[in-house]
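Below is one structure, written out as structure tokens, with a few remarks after it.
Only the coordinates and a few stated rules stand behind these numbers; no lab work does. Only a predicted model underlies this, so the values are computations on that prediction, with no experimental measurement involved. Don't worry about glycine lacking a Cβ; one is built from the backbone with ideal geometry, like all the others, and counts go over all protein chains shown.
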Amino acid sequence: MASPVNFEGTNKIFHKPENMSEEECGSLHVLRTREESIGCACLISCWEFTEKEKEEIAKTGKVWVKVLGEVASPISISGDGFNEVEIHRQLAKEGKTYA
């Protein structure tokens, strides 16, 4: 299963629920920002795949997403990151915040 990874620009950490083990759920580092085009809060996370998963993705071109709960918020999946991460880095260098 893909694992969440810390990345430059994170500004919030969601910790696993107390009733779950580290194998079931780890901490999630995110960039908390806004999607200004629609005036909505936005969380960006980075995930790393195992070698076996990379082979399967290369073979099928598919990634499966599992969301716990009964509500599915709109999501985007990117292989090359999101512009918001770079915007946040630049603003941080200037001593400003984006979120």
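Determine, for region 3-93, the count of lysine pairs separated by eight or more sequence positions (or lying on different chains) whose alpha-carbon distance falls under 20 Å. Each step should come with its number before you reach the end.
Details: K12/K93; K16/K66; K52/K62; K52/K66; K54/K62; K54/K66.
Here the count comes out as 6.
Using a simple spin-label model with points 7 Å from Cα along the Cα→Cβ vector, what separation in nm is obtained for N19 and K62?
Taking the simple label geometry, N19 and K62 are separated by 3.2 nm.
What's the extension gain from A41 to M1 if we count 0.36 nm per residue and subtract their Cα-Cα distance?
Between A41 and M1, full extension yields an extra 11.7 nm.
Using the Cα centre of region 3-93 as the reference point, and only Cβ charges (+1 on K/R, -1 on D/E), how large is the resulting charge dipole? Debye, rounded to the nearest 20.
240 debye
Arrange the peptides 66-75, 26-35, 53-62 so that the one whose residues have, on average, the most other Cβ atoms within 10 Å appears first.
Descending mean neighbour count gives 26-35, 53-62, 66-75.
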